[in-house]
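One structure is given here, and the rest of the page talks about it.
The values are calculated or read from the model by the stated rules, or taken from the named source; none is laboratory data. Small disclaimer: the values here were computed from a predicted structure and weren't measured. Cβ placement follows ideal geometry from the backbone for every residue including glycine, while neighbour counts extend to all protein chains displayed.
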Amino acid sequence: MYALVDGNNFYVSCERVFRPSLNGRPVVVLSNNDGCAIARSNEAKDLGIKMAAPWFGIKHLEQEAGLVALSANFTLYGDMSDRMMSLAAGLGPTQEIYSIDESFIGLQGVRGDLMKRARTVRERILQWVGIPCCIGIAQTKTLAKLANHIAKTAERKPGSYPSELTQVCNLATLPAQDLEDVLRATEVGAVWGVGPRIDKQLQEEGVRTVLDLARLDPATIRRRWGVTLERTVRELQGQACIELDDAPGPKQQIACTRSFGKPMHELAPLIEAVSEFAGRAAEKLRSQKSLATELLVFMHTSPYRPGPQLSRSVVVPLRRPTDDTLALAQAAADGMRYMYVPGYRFIKAGVILVDLQSADVLQRELDLETPAEDEPKRNRSQLMGAMDAINGRYGKGTVHAASTGKVGPKRVWGMKQERRTPQYTTRLEDVPVARA
DNA sequence: TCTGGGGTCCTAGGACCC
DNA sequence: TCTGGGGTCCTAGGACCC
């Protein structure tokens, strides 16, 4: 038995905690570069704003409908997420943090009234953290996701489902006939694992509702769509195929990619940008105690704009597996120099560290390394440790590779973030002050 | 006339997730 | 003027092995 705890309109809800005046108003949170909407309040959804709608296309709603748009404040959301997750963990013995705003809870061995317990956790998260959330409960993770979807929809659109399914929805205790009705009332595209592509194919086959999908034969599904969808169907039928992963391993790849505030056509700022991206990726790499053996650099022009298009990438092999910011920044800069061609307006670039391995099992080089040659390497890793400590204490980018250029909001390739809110919970200067 | 069978590893691309 | 970022898993096909 599983529960899924999921924050409602999470980023918007985080902002509302510190600006209650946003309650009841249409609010969106914009992606990096203020490009498009990545979170919407219910009021914004009611205005017809779609997920990932480009900002320039909905900006007119500021004037016409009182829409409020905020730049994404991921530092704030990450901190609020930690608080919410620690309370959600109280629902059962195991927890898988699945994304910034949702976690699965394993409910094995939980006794007593599950509904009551879930409502208590929900109330506690609302009161202590300020985030409204919904909880879905069922025999499998896919059904728990579905239950959560139903709990949310029932709350947002009264009448769409029986009212007792709002906020906390337990499909496991629903009588068979009621369960069927609920599955019949839910579109197949709402199922976890059914994306736009498969949704379209299923529709063409006449599979429109979750009930239609749940009644299909798993073997047929496997032949036509593969094991992934087969698992989904079995999970809808109550057979658990996807286990709770409460101790995920280290990441297999680490990326840092950004769109620029404006197109770049010269080499120098592109080198600065990818050097910085490599440095950020290296920090993440060190924090999970991994080493990279290869680094991929890419850049491309905007597919939305007219003019010549170009997309290039290059894999830079590293001489030995490393987590060193300077080595990775150098490799990224080399890769950029290698693939750069003048005459294009590049809108995005990035660095992806691939082929990661554990820092504990570093293979040394045969016969080439004497203790004397080890010395500078040890110094280098101490340098990285010092860098991480300083940046941890005084803020990101306090010390960085010189190749990233002068850090600051003025740099030519920097992001547009015109509507950023304060880091209420993680910067002393930004902590709200209460007046008597 | 006619040329095996069984396996692993790697990669690129596609699909999905939030 | 203007369209995000960071991941995962699966599959097919090719290279290679004995």
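Of the residues A:GLY24, A:GLY109, A:GLY48, A:GLY57, the single one that is assigned by TED's automatic domain parsing to the domain that holds A:ALA144, outside any strand (DSSP E or B) and not β-branched (Val, Ile, Thr) is A:GLY109. Selection of region A:307-339 for residues being within 17 Å of A:SER259 (Cα to Cα) and not in a helix (DSSP H, G or I) yields A:GLN309, A:LEU310, A:SER311, A:ARG312, A:SER313. Against the criterion of being over 30 Å from A:SER86 (Cβ atoms), in contact (Cβ under 8 Å) with a residue 12 or more places away in the chain, among the hydroxyl-bearing types (Ser, Thr, Tyr) and assigned to a helix (DSSP H, G or I), A:SER275 qualifies. Scanning region A:384-396 for residues being surrounded by 15 or more Cβ atoms within 10 Å (Cβ to Cβ) and either polar (S, T, N, Q) or more than 17 Å from A:ARG280 (Cβ to Cβ) (or both) gives a total of 1.
Taking the criterion of being near DNA strand C (Cβ under 9 Å from one of its atoms) and more than 25 Å from A:ALA185 (Cβ to Cβ), the only residue of region A:229-247 that qualifies is A:ASP245. Put simply, of A:SER259, A:SER275, A:SER287 the only residue that is surrounded by 21 or more Cβ atoms within 10 Å (Cβ to Cβ) and not assigned by TED's automatic domain parsing to the domain that holds A:ALA144 is A:SER275.
Criterion applied to A:VAL129, A:VAL191, A:VAL168 was being within 16 Å of DNA strand B (Cβ to nearest atom), surrounded by 15 or more Cβ atoms within 10 Å (Cβ to Cβ) and among the β-branched types (Val, Ile, Thr), and the one residue passing it is A:VAL191.
Taking region A:115-134 as the range and being touching a Leu at 6+ places or on another chain (Cβ under 7 Å) and either closer than 22 Å to A:GLY238 by Cα or assigned to a helix (DSSP H, G or I) (or both) as the test, the residues that pass are A:ARG117, A:ALA118, A:VAL121, A:ARG124, A:ILE125, A:TRP128. Look at (1) within 12 Å of DNA strand C (Cβ to nearest atom); (2) surrounded by 17 or more Cβ atoms within 10 Å (Cβ to Cβ) and you find that A:MET80 fails only one, number (1). The residues in region A:303-349 that are farther than 14 Å from A:GLU276 by Cα, surrounded by fewer than 19 Cβ atoms within 10 Å (Cβ to Cβ) and without any contact (Cβ under 8 Å) to a residue 40 or more places away in the chain can be counted, and the count is 17.
Considered as a group, the residues in region A:202-242 that are acidic (Asp, Glu) and touching a residue at least 12 places away in the same chain (Cβ under 8 Å) include one that is nearest to A:ASN170 (Cα to Cα), and that residue is A:GLU235.
Only one entry in A:VAL68, A:VAL27, A:VAL17 is surrounded by 22 or more Cβ atoms within 10 Å (Cβ to Cβ), away from DNA strand C (no atom under 12 Å from the Cβ), of a type outside the set (Ser, Thr, Tyr) and within 16 Å of A:ARG420 (Cα to Cα), namely A:VAL27.
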